[in-house]
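Throughout, read-outs are computed from the coordinates displayed, never taken from laboratory work. No experiment lies behind these values; they were computed from the predicted model shown. Every residue, glycine as well, gets a Cβ built from its backbone with ideal geometry; the counts of neighbours run over all protein chains shown.
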Amino acid sequence: MAAAVAARSRQGDVFRSVFPKTNFTTPTPESTPNLGSMSSPGQAFGGNTVPSEVTHEVRYNRAWSVATRYLSLQSDLQSGNEVPYAGVFTAGVQEAFLYLLQSHAAHKELAAWYGNEIGTHFRNGVLSELELWKHPVQVSSAMEALQQTLEMLQRAQQHYLRNLNTLISKTHDSCVRDPAITLGDRVKQTLHTMVLHSVPRQRLQQTLANVMFQQLHSSLSNNSNPEKCIKDDKCHCRLDLAGLPLEELYDVGLGGLMGERAFAHAVDRFLQGPAIARRCFQVDWTGHSSVMQKLRSWISEHLLPVVDSALTALTGHTGNIGRRLTQDDRQQFLSIATINLGRLRILSLFDYVKSWPASTGAILDIWEYLNAGGPTAKAHVCQSFSQQIQHRLLHAGATTSEILSIYVNVIHAFKSLDSRGVLFDKVALPIRNYLRARDDTVSVIAASFLADMDEAGNVVAADMNKICPDITLEVSNTTLQKSRDNRLLDWNDMDWMPNPIDAGPDYTSSKSEDVVAHILGLFEQDEFIKEVTTVLAQHLLHATDSEYIKETRLVELFKSRLDAVKLQAAEVMLKDMRDSVALGNRINPVARHGSTQSVPTPREIQAAIPEEGITLPSLYNVFGARMKQSQFLAAVKLVANKRNDLFYAKRTRIPPDAAGSSAHEEDKTNFKAQILSSFFWPQLRSNEFRMPSTLEPLQTTFENRFGMLGSQRKLQFRPALARVSMRLELEDRTIEESDVPGWRASVVDALASLHDDDIAGLTVPRLTEALSMEEELVTDALNFWTNRKVLYQRAPGSYAVLERLDMDVGAAQGQVQQTEEILAVKSQDTMLRESAPVFEAFIGNMLRNQGAKEIGGMMGITNLLKMVMPGFTYGDDEVKWLLGEMEKKGQVKRGGEAWSVVG
């Protein structure tokens, strides 16, 4: 214990040796009694034996006594209030101060003594009033707490400086007045230091910042007129800080550097929110221009003058003491406002990209932010946008068409932000990787290249989820000359520049790259060409333009950007279609009649018979000019019943092979055939079935005429590729369908020939047997015509023609299944499933002979399949699927990344 006390004593000695304690004396009495007499006259400092010559030390002591007695404070212990000495300012006080203030040491010592005097009384009487700052101050009561503290400090400061102010005000001699002013400034600075050390400075600064921010916010709300600002295209909203006691804060020591920092925090918070997030600076959706210039004008004309006056008041407004805004400060404020508005825009950057080009104004605002923020702003844009697309776009809920559409907008928007393409290259990488991982991306892109557009520029497609309209629009706006100019490296380009220093390793240096180039660059050329060839084949089979202008232009576009040699199959397919048109004009078995009026059908005659009946001569007068009387009588017997002398229409269905109608239907049937070179076309459907009876003789005639041309090629009709346009005449309506697959036409033709006495209808097995058709095609046709309300189920699984819509079809009508459209060209998945047994057998033998292997790699299963089997054009994902099917059958097993045979 004694050792610890001794150690603390030694530490205290060391501290006092460096920072010695100042001993301040109390003021001496106004008079000192003379020790040599019982009744002294009370002369100050001497009594009866006052020396004739007063020394400097005596004069100093006398002056010190008078000055300290004049400045000393007394405490009222009863009330706890400090009151100044009730002395009277006299010439002696002025003379004492004059003597003391002439010496710098005395001046300094007097300031230190009075500071200690103030400090003692400050701790006893004022410090307790500042206890409210010991706890956090609520924002709602911040202004009240600040006003209370300000009033209390003003009273205390006035209390402590009262005698000094009296000395200064009653002294006109500069020899005393100027040092007294200096003394007052020193004492005032000491008091301000006490105040700042008596309260939590960080809490006080935060409270000041909150009060200043609330005043800025409220003044802007009270003086704003957004309608007028938007109309004038200039912000007139004013700011006012009249409600803030800025000069008073500086006077009591709450200004200065702390007040300046508090005001800086308030302005910074103000510029991050209320100043920019208002209607005056909303995105320009109509003019498509940036609002940054409007914001900078408002900062210069309204905010900066208020900031300048506030800083002057907070840091001292007399002489050159006050802080004023420099030109660099003003530029920094403009830069901060630009950056804050740009960051606000970046929070919704994904929405702006999605709504491009209507959001051009917002993109230009972000461009201004990039210029003001430098490399940090570029990194922030890339990071923020990458996070937004990760959460809002790159997920299973977004369709491939939607992702591609936004990807096109990303290309446009980020090329506007950075023409060099560096920013786009960084933000587009996750989108590209995600699109490459999707199975249907290539097919959607290829279909978008071949989609049709109407005169208004809108994409015409049956399923918009399989088409990206933005890609179709870009392809239509791309010229072949622009495609030829789009080269990665042009040796004749005298304006060539190296890649930017901040470009990534995957940066594409072609400055002329457009949207089509970026879309084509998503995949390897071989994979894309294979898919686009398949889609082009499907498109050509259904094309209606006999000139094939759009398809020719598209093939030329691909040749200018991809390997032209690998597009030979596409060129051959186009040539086949043109040759088919020319050949069809020569041998098409279409009967051309000279008469302008066609022979009326029995259905037309039946429709002309009124319900109240009609005589035979009156009915013949309607059709006599278009048909012979014998034909007319045969048709009437078919469609009408005679009662007395009137004929009434029958309510039964007319057989399709009615007398006089078959020849007529054959005459007006337009039969066209397309001659395809099977070696260059993708694998097409080869399903065989019976076509409608009306088409069989036309097919035979076409074959005969084709043989007469002496062609060395042999025709092989593929009914699965046939497309039929037909008109179905029912009792209460007429239905027309265009480009119906051949199997659908065959099924409805078979049901049309159903007799009325066949109450049960036709089932799927009966139709499959009668038409020699696969069950898949029969089911597709039945579902199609049932959805069109042409067929219905008389009984579950039994179908018949729905002649009238008011017929009771029963509950079975609602049991219609939606099936996926069967395409003429086989998809890659279909061909893979059909060829799976061959591939699986080869994989099994390879693993048995060569041991376990991985899927990828130079000697992996995929590469070996491609080298040995020319028909294998698939990738690692398809091989993985084949191995998975073999694993289910127990043929192979997996060990890590390698696969091996079982047993």
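Roughly how far apart, in whole Å, are the Cα centres of the range 276-315 and the range 521-558?
Value for the Cα centre distance between the two parts: 54 Å.
Would you mind getting me the FRET efficiency between Asp351 and Leu633? Use the beta-carbon distance for r and R0 = 60 Å, nearest 0.05.
Efficiency computed from Cβ-Cβ geometry: 0.20.
Which value, to two decimals, describes the C-alpha radius of gyration of the range 525-587 once divided by 2.2 N^0.38 Å?
Cα Rg divided by the expected 2.2 N^0.38 Å: 1.14.
Only four residue types carry charge here, +1 at the Cβ of Lys and Arg and -1 at the Cβ of Asp and Glu. Report the dipole size of the range 525-587 about the Cα centre in Debye, rounded to the nearest 20. Intermediate values should be presented prior to the final figure.
On the way: 9 positive and 11 negative charges, 28 e Å.
Rounded to the nearest 20 debye, it is 140 debye.
Work out the charge dipole of the range 525-587 with +1 on the Cβ of Lys and Arg and -1 on the Cβ of Asp and Glu about the Cα centre, then indicate which of Ala569, Leu583, His542 is farthest towards its positive end.
Among Ala569, Leu583, His542, the one farthest towards the positive end of the dipole of the range 525-587 is Leu583.
Counting other beta carbons within 10 Å of each residue's own, what order do Ser128, Ser560 fall into, fewest first? Intermediate results must be reported in sequence, preceding the final value.
On the way: Ser128 9, Ser560 17.
Exposure proxy ranking, most exposed first: Ser128, Ser560.
Can you tell me the Rg and Dmax of the range 835-885, counting just the alpha carbons, in angstroms?
In Å, with Rg to one decimal and Dmax whole: 9.7, 24.
PRE reach from Ala852 (point 7 Å along Cα→Cβ): which of the range 880-895 fall under 13 Å by backbone N?
Under 13 Å, as judged by backbone N against the label point of Ala852, lie 893-895 of the range 880-895.
Order these by the 10 Å Cβ neighbour count, fewest first: Lys642, Lys415. Walk me through the intermediate numbers first.
Working: Lys642 12, Lys415 17.
With the fewest neighbours first, Lys642, Lys415 line up as Lys642, Lys415.
So if each residue of separation counts as 0.36 nm, and I subtract the Cα-Cα distance between Asn116 and Gln525, what length gain in nm does that give?
Numbers: separation 409, 0.36 × 409 = 147.24 nm, distance 8.80 nm.
Full-extension gain reported as 138.4 nm.
Which Rg and Dmax, in Å, describe the Cα atoms of the range 193-243?
Reported Rg and Dmax, both Å: 16.9, 54.
Just want the ordering: Met691, Met212, from fewest to most Cβ atoms lying within 10 Å of their own Cβ.
Numbers: Met691 19, Met212 24.
Listed from fewest to most nearby Cβ atoms, that is Met691, Met212.
Once you put a point 7 Å from the Cα of Arg643 and another 7 Å from the Cα of Glu129, both along the Cβ direction, what distance in nm separates them?
11.6 nm
Are there chymotrypsin sites (Phe, Trp or Tyr not before Pro) in the range 280-373 that DSSP marks as loop and that have at most 13 other Cβ atoms within 10 Å, and which are they?
Trp285
Contour minus end-to-end for Arg804 and Ala625, with contour as 0.36 nm per residue of separation and end-to-end as the Cα-Cα distance?
This chain segment gains 61.3 nm when fully extended.
Once label points are set 7 Å from the Cα along Cα→Cβ at both Asn477 and Ala398, what is their separation, rounded to one decimal in nm?
Modelled inter-label distance: 2.1 nm.
Output the direction-averaged projected area (hull surface divided by four) of the convex hull of the alpha-carbon atoms of the range 228-360, in nm².
Spelled out: convex hull of the Cα atoms, projected over all directions, averaged, 9.0 nm².
Over the alpha carbons of the range 117-180, what is the largest minus smallest coordinate on each principal axis, giving the biggest first in Å?
Principal axes ranked by extent give 50, 24, 14 Å for the Cα atoms.
What's the magnitude of the charge dipole for the range 828-901 around its Cα centre, counting Lys and Arg as +1 and Asp and Glu as -1 at the beta-carbon? Answer in Debye, nearest 20. Could the numbers behind the result be given before it?
Values: 9 positive and 10 negative charges, 59 e Å.
Taking the Cα centre of the range 828-901 as origin, the dipole is about 280 debye.
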